[in-house]
Amino acid sequence: MSQQQMQGQPMIILGDDAQRMKDKSAQEHNISAARAVAESVRSTLGPKGMDKMLVDSLGGITVTNDGVTILEEMDIDNPTAEMIVEVAQTQEDEAGDGTTTAVAVAGELLKNAEELLDQDIHPTSVIRGFDMASEKAREEVDEISVEVDSDDREVLTQVAKTSMTGKGVEQHKDLLADLVVDGAQAVSVDADDGSTVVDLAYLRVETQTGSSAADSELLEGGAVDKDPVHEDMPTDLEDASILLLDSPLEVDETEVDTQVSVTDPDQLQDFIEQEEAQLQEMVDQIADLGVDAVLCQKGIDDMAEHYLAKEGILGLSRVKKSQMQFLREVVGATIVSDLDTATEDDLGRGSFTRDEDEGLFYVEGADEDSHGVTLVLRGSTEHVVDEIERGVNDALDVVADTIAQGSVLAGGGAPEVELAGRLRDYADSVSGREQLAIEAFADSLEVVPRALADNAGIDSIDTLVDLRAAHEDGDTQAGLNVLSGQVENTFDAGVVEPAFAKRQALSSATEAASLVLKIDDIISAGDLSTEGEEDAGGPGGAPGGGMGGMGGGMGGMM
Ligand code: ADP
Ligand code: MG
């Protein structure tokens, strides 16, 4: 430490292998890495965007159009490129949709920033200008957004459909949009302060293969895709007492593992009997509490299964933790870890209905105000159902955002073109280098309509000219509807997205671009020009070792 602070001058000690890149070349290097990532997802933007096939190192395949999924699976080992992936993740966490938009805008910001840097404008001015523009743009989003009621079914359905258009869910989007809106509304409550709170934790999405997406449904309560652990157990229960247990119904593993040396057969018999007695005692404890059904997150011993069946208790084992947590809310139970301390108060109440064809139990809470709904998504194969699930999850998030925030925008690039125009006006009022950065920011936003057009095979230059003209004439909702191929009022055409996701995409993109621009010095423990397989040398090693180009994972992408 003291060495690094010598004479008040920061000092960086490099190992023998260490490489260093400074200023311009460091920036160029970073910008091109980040842009490469952004460009790889740009072609998936919008309803006509192409899907990507991702092949992981084990040969597993994912076919998707979902920005964040693509980036997560790409297995990028370049630190700057990773920053772009983080933008997508932030966007996904905060808004649930708009990840491709955020990344495409970040890439375009960097491209335009590079031109400014070439004109010898200092990165600090660029960053400051971008921040000013981003803040201004977010204010303007409020100006151009349209207020909606939290129970405006028409708009909510449009929001759901807009988000699902062009995804693997497309074919069934009418049905799924209805289910998404019903589901989100089922878990919405009016708060005391007049706002509406949507808690998607009370909505569980289950997927099932083997049937058509058209058979997807929304259920009250939860669904558990487990079979009873014993064939003699009841399968349909009314007003049952339910125990949720997160410890195994088995004799303690450690006791089983200890070696028992048996000298005569009686001893072995004793040992088995002792084990059985322990299991019987556990089941007795459960029966004494008045339990009708026990859902166990861990395993249930064969003997215990037998005892449970004898008591007429339904037992399900290896229930997923997330499912347990959801069912806890549905039936109003406490998850029990230790049977010795369990009481009747820990039990929940509800009903079990068996669907033999689907291999599911439907679990409904008995309480009037029991919360929780389950969206069961069906599809022919795992790949199909996974892509449906990604599409539905995005739609759930945007519908929830819309219910909670109550403001939406016209889609199809309309807000981007409108914001770009407003930012250019704003730039005129700003002096200095920042003005150029604000203009560059405005230009960058137009990557959205351009990419929407390009991806749909529509001339992007003509489109942008038409769009700018319409906005100059005061049509703030003029966008490109790629379904009709026309520049039109996309709001009226039902292409609607939540304002919240757009605001978030603006800030995520700006943040990412700024992070990349702030770096003017790369110090790598390894070799900058190769993959950096060799041992990390000195201190200050960058994560991931090599900084040259993309990691091997990109090779799997088509
Ligand atoms: P993201 O990950 O950013 O959500 P998407 O691939 O879902 O990316 O594309 C979202 C973009 O597609 C938004 O700008 C939205 O307005 C636009 N969009 C959706 N439906 C249409 C449509 N019918 N015409 C034009 N643009 C559309
Ligand atoms: Mg989307």
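The values are calculated or read from the model by the stated rules, or taken from the named source; none is laboratory data. These numbers were taken from a predicted model, which means no experiment stands behind them. Using ideal geometry, Cβ is built from the backbone for each residue, glycine included, and neighbour counts are taken over all protein chains shown. Accessible surface is based on the protein model in full, side chains and every heavy atom, while ligands, DNA and RNA are left aside. Shrake-Rupley method; radii C 1.70, N 1.55, O 1.52, S 1.80 Å.
Data table
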{"read-out": "Subset of the range 459-514 [within 17 Å of THR162 (Cβ to Cβ) and charged (D, E, K, R)]", "value": "GLU488, ASP492, GLU497, LYS502, ARG503"}
{"read-out": "Inter-residue pairs, beta-carbon under 8 Å, first basic (Lys, Arg) and in the range 303-318, second in a loop (DSSP other than H, G, I, E, B) and open to solvent by less than 10 Å² (accessible area, probe 1.4 Å), 6+ apart", "value": "ARG318/GLY299"}
{"read-out": "Selection status of ALA201, in contact with a helix residue (DSSP H, G or I) (Cβ under 6 Å, 6 or more places away or on another chain) and in the same structural domain as SER380 (by TED's automatic domain parsing)", "value": "no"}
{"read-out": "Count of residues meeting criterion [within 16 Å of ligand 2 (Cβ to nearest atom), closer than 19 Å to GLY168 by Cβ and in contact with an Asp or Glu (Cβ under 8 Å, 6 or more places away or on another chain)] in the range 68-87", "value": "1"}
{"read-out": "Qualifying positions in the range 152-165 - surrounded by 22 or more Cβ atoms within 10 Å (Cβ to Cβ) and within 17 Å of ALA214 (Cα to Cα)", "value": "ALA160, LYS161, MET164"}
{"read-out": "Within the range 214-317, strands (runs of 3 or more DSSP E) holding 2 or more residues that are closer than 30 Å to VAL392 by Cα", "value": "217-220, 222-224, 293-296"}
{"read-out": "Selection status of GLU82, out of contact with any Pro (no Cβ under 7 Å at 6 or more places or on another chain) and under 23 Å from ASP492 (Cα atoms)", "value": "no"}
{"read-out": "Only listed residue being open to solvent by 50 Å² or more (accessible area, probe 1.4 Å) and at pLDDT below 90, chosen from ASP118, ASP75, ASP97, ASP66", "value": "ASP75"}
{"read-out": "Residue match in the range 345-364 (condition: out of contact with any Asp or Glu (no Cβ under 7 Å at 6 or more places or on another chain), within 16 Å of ligand 1 (Cβ to nearest atom) and in a helix (DSSP H, G or I))", "value": "no"}
{"read-out": "Candidate set: the range 473-492, residues that are among the charged types (D, E, K, R) and over 18 Å from SER460 (Cα atoms); chosen: the one most open to solvent (accessible area, probe 1.4 Å)", "value": "ASP473"}
{"read-out": "Failed item, numbered, when LEU308 is tested on (1) open to solvent by less than 10 Å² (accessible area, probe 1.4 Å); (2) within 19 Å of ALA366 (Cβ to Cβ); (3) among the hydrophobic types (A, V, I, L, M, F, W, C)", "value": "(2)"}
{"read-out": "Test: residue in the range 385-406 that is more than 21 Å from GLU154 (Cβ to Cβ), in contact with a Lys or Arg (Cβ under 8 Å, 6 or more places away or on another chain) and of a type in the set (Gly, Ala, Ser)", "value": "no"}
{"read-out": "Cβ-Cβ under 6 Å pairs, at least 6 apart or on other chains, the range 498-516 side open to solvent by less than 20 Å² (accessible area, probe 1.4 Å), far side among the aromatic types (Phe, Trp, Tyr) and part of a helix (DSSP H, G or I)", "value": "THR510/PHE130"}
{"read-out": "Filter pass, ALA456 being crowded, with 19+ Cβ neighbours inside 10 Å, in the same structural domain as SER40 (by TED's automatic domain parsing) and at pLDDT 95 or above", "value": "no"}
{"read-out": "The range 151-179 - residue that is within 11 Å of ligand 1 (Cβ to nearest atom) and small (Gly, Ala, Ser) and, of those, modelled with the lowest pLDDT", "value": "GLY166"}
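To keep it simple, each residue is scored yes or no on (1) more than 30 Å from the chain's Cα centre (by Cα); (2) crowded, with 22+ Cβ neighbours inside 10 Å; (3) over 27 Å from ALA201 (Cα atoms); (4) basic (Lys, Arg).
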position	(1), (2), (3), (4)
GLY312	yes, no, yes, no
GLY315	yes, yes, no, no
LYS321	no, no, no, yes
GLU329	no, no, no, no
ALA333	no, yes, no, no
GLU344	yes, no, no, no
GLY350	yes, yes, no, no
GLY365	no, yes, no, no
